[in-house]
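The values are calculated or read from the model by the stated rules, or taken from the named source; none is laboratory data. In this text, all values refer to a predicted model and were calculated from it rather than measured experimentally. Cβ placement follows ideal geometry from the backbone for every residue including glycine, while neighbour counts extend to all protein chains displayed. These area figures cover heavy atoms from the full protein model, side chains too; ligands, DNA and RNA do not enter into them. Shrake-Rupley method; radii C 1.70, N 1.55, O 1.52, S 1.80 Å.
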Amino acid sequence: MGRPDVIIAGAGPVGLLLGCLLGARGAHVVICERRTGTDDRTRAIGVHPPGLDALDAAGVGTALRAESVALDRGEVHARGRMLASIAFPAERTVRILPQRRTVALLRERLHALGVEVRTDCDVTQVSQDSTGVSVGLRGAAGETTENASLLIAADGVHSGLRAALGIRWCRRGSTARYSMVDAADADDSAIARLYCEPGGLVESFPLPGRRRRWVVRHPPGVPALSGEDFARAVHTRTGIAITPVAPSAFTAAQHRAARTVSGRIVLLGDAAHEISPIGGQGMNLGWVDARVLADALGQSGLGGLAAYERRAARAAADVQRRATFYMSMGAPARGIRQHAREGAIRLMGTAPLRNAAAALVTMRGI
């Protein structure tokens with residue numbers, strides 16, 4: 001097929017969506033992914049309205065709507081009381097679908113568009129000049145070199161390409177440790193519940209197939225929870241009994257790349273910015289960036305990258321500020337601090353803080 005217009009390193013949800021957007025516009029796109037098989041890890045589940053708009057543009061929005069749960073409302077609880085309840089209008093609701101299914105839908109769309117996705121294909125080296133990018137690849141066929149007009153580094157938080165380019169990875173704010181499980185649940189209501197308890201945050205979100213995701217913030221100094229520890233924390237903080245299930249642990253942290261455009265190479269998604277999963281904004285921000293990038297390339301080619309970078313930096317800074325606030329709301333608190341937090345949450349049920357409350361109880365971008 002000749003030289004690709006764009007090589008995308010990384011076949012996560014952001015890289016795949018960009019491939020759909022560019023492929024639908026007639027670009028010759030090759031997506032390289034070092035992993036083989038499917039990724040069945042417990043990952044992101046929330047699709048916010050801007051993310052759904054991007055999925056619509058990529059041609060998978062209708063399929064996602066058919067499989068996902070549409071949230072009716074979100075609730076904030078503390079110490080046995082509901083402090084706020086926010087209804088989501090049908091036209092701008094949050095949808096819930098495990099990331100592995102969203103990725104499968106994007107791959108099906110790429111196949112229909114004829115976009116090539118190479119698995120077991122790792123980017124090992126990169127060089128560029130005024131005419132293009134030369135990308136060294138290693139896979140089952142051995143070492144090869146591919147040339148393209150543009151390289152998109154969508155290779156995740158631990159981006160090897162970002163490191164190879166010498167781009168600083170700047171930490172923003174504090175970190176916190178969480179665990180989560182997906183479990184069968186008789187509660188089939190389409191309600192997201194957030195428990196801002198003295199002992200720390202507990203989140204509960206509906207999943208397709210009468211299942212729920214539970215998320216628990218670890219007590220200070222506790223790096224890991226067993227299934228029994230997890231169930232005990234949920235019960236102690238909320239009074240709800242769940243079946244012990246071995247959880248997946250993760251650290252919520254925030255970073256931002258010092259720059260996201262280097263000549264003909266663009267950092268995208270988690271390679272460009274790590275967003276705390278609290279609030280469910282990371283994957284959605286990556287999708288929005290992918291849509292803006294595709295539009296910029298379609299309208300101005302490489303000349304549109306500078307404006308794209310400025311816009312993406314502003315958006316990432318705004319989202320990270322919100323995520324920092326959400327993390328602070330879920331931290332352990334007692335006494336005056338807990339009372340102050342509960343009062344603030346009650347205020348969020350009315351304008352002008354209603355939107356902040358809605359975002360607080362919407363989904364996670366894990």
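Somewhere in the range 113-131, is a residue in a helix (DSSP H, G or I), within 18 Å of Ala66 (Cβ to Cβ) and open to solvent by 30 Å² or more (accessible area, probe 1.4 Å)?
From the range 113-131, those in a helix (DSSP H, G or I) are 113; that's our starting set.
From what's left, within 18 Å of Ala66 (Cβ to Cβ): none.
No.
Which is open to solvent by 20 Å² or more (accessible area, probe 1.4 Å), within 19 Å of the chain's Cα centre (by Cα) and within 30 Å of Ala140 (Cα to Cα), of Arg95, Arg100?
Numbers: Arg95 fails: within 30 Å of Ala140 (Cα to Cα).
Unique residue meeting the criteria: Arg100.
Just to confirm my filter: which helices (runs of 4 or more DSSP H) fall fully inside the range 229-348 and include at least 1 residues that are at pLDDT below 95, over 23 Å from Asp155 (Cβ atoms) and hydroxyl-bearing (Ser, Thr, Tyr)?
Working: elements: 282-300, 305-329, 335-347.
The qualifying helices (runs of 4 or more DSSP H) are 282-300, 305-329.
Among the candidates Ala153, Ala148, Ala90, which residue alone is over 30 Å from Pro223 (Cα atoms), touching a residue at least 24 places away in the same chain (Cβ under 8 Å) and within 24 Å of the chain's Cα centre (by Cα)? Break it down into steps so the answer makes sense when it comes.
Working: Ala148 fails: within 24 Å of the chain's Cα centre (by Cα); Ala90 fails: touching a residue at least 24 places away in the same chain (Cβ under 8 Å).
None of the others qualify; the one that does is Ala153.
Quickly run through the range 215-234 and pick out the residues that are under 14 Å from Thr175 (Cβ atoms), touching a Ser or Thr at 6+ places or on another chain (Cβ under 8 Å) and open to solvent by 50 Å² or more (accessible area, probe 1.4 Å). Quick ask: steps written out before the conclusion?
Let us first name the residues in the range 215-234 that are under 14 Å from Thr175 (Cβ atoms), namely 217-218, 220-223.
Retained after the next criterion (residues that are touching a Ser or Thr at 6+ places or on another chain (Cβ under 8 Å)): 218.
Once the filter is applied, which keeps residues that are under 14 Å from Thr175 (Cβ atoms), touching a Ser or Thr at 6+ places or on another chain (Cβ under 8 Å) and open to solvent by 50 Å² or more (accessible area, probe 1.4 Å), the range 215-234 yields nothing.
What residue, of Asp182, Asp187, is out of contact with any Leu (no Cβ under 8 Å at 6 or more places or on another chain), of a type outside the set (S, T, N, Q) and either part of a loop (DSSP other than H, G, I, E, B) or open to solvent by 20 Å² or more (accessible area, probe 1.4 Å) (or both)? It would help to see each step written out before you state the result.
Working: Asp182 fails: out of contact with any Leu (no Cβ under 8 Å at 6 or more places or on another chain).
After applying the criteria, what remains is Asp187.
If you go through the range 139-166, how many residues are in a strand (DSSP E or B), surrounded by fewer than 17 Cβ atoms within 10 Å (Cβ to Cβ) and not polar (S, T, N, Q)? Before the answer, list the steps.
Keep residues of the range 139-166 that are in a strand (DSSP E or B), which gives 139, 142-148, 150-153.
If we keep only those that are surrounded by fewer than 17 Cβ atoms within 10 Å (Cβ to Cβ) as well, we get 142-145, 147.
From what's left, not polar (S, T, N, Q): 142-143.
So the count comes out to 2.
Mind counting the residues in the range 2-26 that are open to solvent by 30 Å² or more (accessible area, probe 1.4 Å), in contact (Cβ under 8 Å) with a residue 60 or more places away in the chain and assigned to a loop (DSSP other than H, G, I, E, B)?
Our first condition is that a residue be open to solvent by 30 Å² or more (accessible area, probe 1.4 Å); within the range 2-26, this holds for 2-3, 5, 24-26.
Going one step further and asking which of them are in contact (Cβ under 8 Å) with a residue 60 or more places away in the chain, we end up with 3, 5, 24-25.
Pick out the ones that are also assigned to a loop (DSSP other than H, G, I, E, B) and you get 3, 5, 25.
Within the range 2-26, residues that are open to solvent by 30 Å² or more (accessible area, probe 1.4 Å), in contact (Cβ under 8 Å) with a residue 60 or more places away in the chain and assigned to a loop (DSSP other than H, G, I, E, B) number 3.
Looking only at the range 261-295, which residues are open to solvent by 10 Å² or more (accessible area, probe 1.4 Å) and without any contact (Cβ under 8 Å) to a residue 60 or more places away in the chain?
Val261, Val292, Asp295, listed by residue number.
Restricting to the range 37-70, name every residue that is in a helix (DSSP H, G or I), open to solvent by less than 60 Å² (accessible area, probe 1.4 Å) and not aliphatic (A, V, I, L, M).
The answer is Pro49, Gly51, Asp53, Gly61.
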